[in-house]
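Note sheet for the following structure.
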Amino acid sequence: MDLSPDQMSPTDIYHALTQIIIPRPIAWVLSPNDTNAESLNLAPFSFFNVVCSDPPILMLSMGNKSDGTLKDSCRNLLERQRCVIHIAQDAQAAQVSDSARELNFGESELEGTELELVDFNGTSMQRLRQAPVALACRLHQHLEVGNKPQNLLLVEVEHIWVDDEVCFNDGKGRVRFDAEKIKPLARLGGAEYASLDQVFRVERR
């Protein structure tokens with residue numbers, strides 16, 4: 001099959017790309033709706049990855065709401081400059097999907113869930129107790145790309161928390177993180193998600 005993006009609708013391009021650029025990591029983003037962080041927004045984004053290690057910078061790409069306004073996570077990051085990105089586990093797929101619902105600004109996706117917040121030591125923020133990885137981030141740069149446009153948010157990682165159960169010291173005393181214990185949830189196309197089925201090594205020659 002040959003496909004030419006210039007002959008496809010934006011919707012068809014989106015569905016094609018999200019079904020072939022797989023699997024994608026999911027950023028489960030917690031951000032404050034107000035200055036005092038009394039109300040928090042929680043939303044998943046699979047247009048997400050690491051783009052730099054010095055300094056540590058991650059990329060989040062967000063479209064707008066169906067009415068054309070900024071998504072709450074984007075609005076919060078632009079106004080408050082802060083967020084906590086979690087790596088969800090495969091068993092949390094339903095909770096991640098539920099948090100993608102479009103709510104009015106100020107309504108929290110945490111309400112009515114069993115998710116718990118705990119203090120994020122070393123930061124002024126909170127994190128989800130159930131997630132094995134949390135990264136406290138500050139907005140580094142905001143760009144607009146595309147025809148709509150899409151919001152490209154670069155965030156700098158300022159603090160990292162990892163559950164002790166998913167990390168260990170190797171024979172050289174270096175900290176390692178066990179992907180099979182993290183059990184990260186990955187995004188595919190449509191309503192499909194994926195878990196790690198097998199982890200294997202290929203040594204460089």
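The values are calculated or read from the model by the stated rules, or taken from the named source; none is laboratory data. Note that the structure is predicted; figures quoted are calculated from it, not measured. Glycine also receives a Cβ, built like all others from the backbone with ideal geometry; neighbour counts cover every protein chain displayed. The protein model used for the area step is the full one, side chains on, heavy atoms only, and it has no ligands, DNA or RNA in it. Shrake-Rupley method; radii C 1.70, N 1.55, O 1.52, S 1.80 Å.
Filter the stretch 65-83 down to the residues that are without any contact (Cβ under 8 Å) to a residue 40 or more places away in the chain and under 25 Å from Asp119 (Cβ atoms), then identify the one that is surrounded by the most Cβ atoms within 10 Å (Cβ to Cβ).
Arg75
Any idea which residue in the stretch 83-122 is modelled with the lowest pLDDT, counting only those that are of a type in the set (S, T, N, Q) and within 28 Å of Glu180 (Cβ to Cβ)? Even if it seems obvious, please write down each step before you answer.
Step one: filter the stretch 83-122 for residues of a type in the set (S, T, N, Q), giving 89, 92, 95, 97, 99, 104, 108, 113, 121.
Those still in the list that are within 28 Å of Glu180 (Cβ to Cβ) too: 89, 92, 95, 97, 99, 113, 121.
Details: Gln89: 97, Gln92: 95, Gln95: 94, Ser97: 93, Ser99: 93, Thr113: 84, Asn121: 94.
Within the stretch 83-122, the match that is modelled with the lowest pLDDT is Thr113.
Testing Ser53 on (1) within 15 Å of the chain's Cα centre (by Cα); (2) at pLDDT 95 or above, one condition comes back false. Which one is that?
Ser53 satisfies every listed condition except (1).
Here's the yes/no breakdown for (1) closer than 19 Å to Pro25 by Cβ; (2) more than 19 Å from the chain's Cα centre (by Cα); (3) open to solvent by less than 100 Å² (accessible area, probe 1.4 Å); (4) among the acidic types (Asp, Glu):
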| site | (1), (2), (3), (4) |
| --- | --- |
| Trp161 | yes, no, yes, no |
| Pro184 | yes, no, yes, no |
| Glu192 | yes, no, no, yes |
| Ser195 | yes, no, yes, no |
| Phe200 | yes, yes, no, no |
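Can you name the residue in the stretch 137-155 that is free of Cβ contacts under 8 Å to residues at least 40 places away in the same chain and out of contact with any strand residue (DSSP E or B) (no Cβ under 6 Å at 6 or more places or on another chain) and is also surrounded by the fewest Cβ atoms within 10 Å (Cβ to Cβ) among such residues?
This residue is Glu144.
Could you give every pair whose Cβ atoms fall below 6 Å, whose first residue belongs to the stretch 6-28 and is more than 21 Å from Ala93 (Cα to Cα), and whose second residue is charged (D, E, K, R), counting only separations of at least 6 or pairs across chains?
Taking only residues 6 or more apart or on different chains, not a single pair turns up.
Within the stretch 40-55, does at least one residue satisfy the condition of being farther than 21 Å from Lys148 by Cβ, free of Cβ contacts under 8 Å to residues at least 60 places away in the same chain and of a type in the set (Gly, Ala, Ser)?
Within the stretch 40-55 (the criterion being farther than 21 Å from Lys148 by Cβ, free of Cβ contacts under 8 Å to residues at least 60 places away in the same chain and of a type in the set (Gly, Ala, Ser)), the answer is yes, since at least one residue qualifies.
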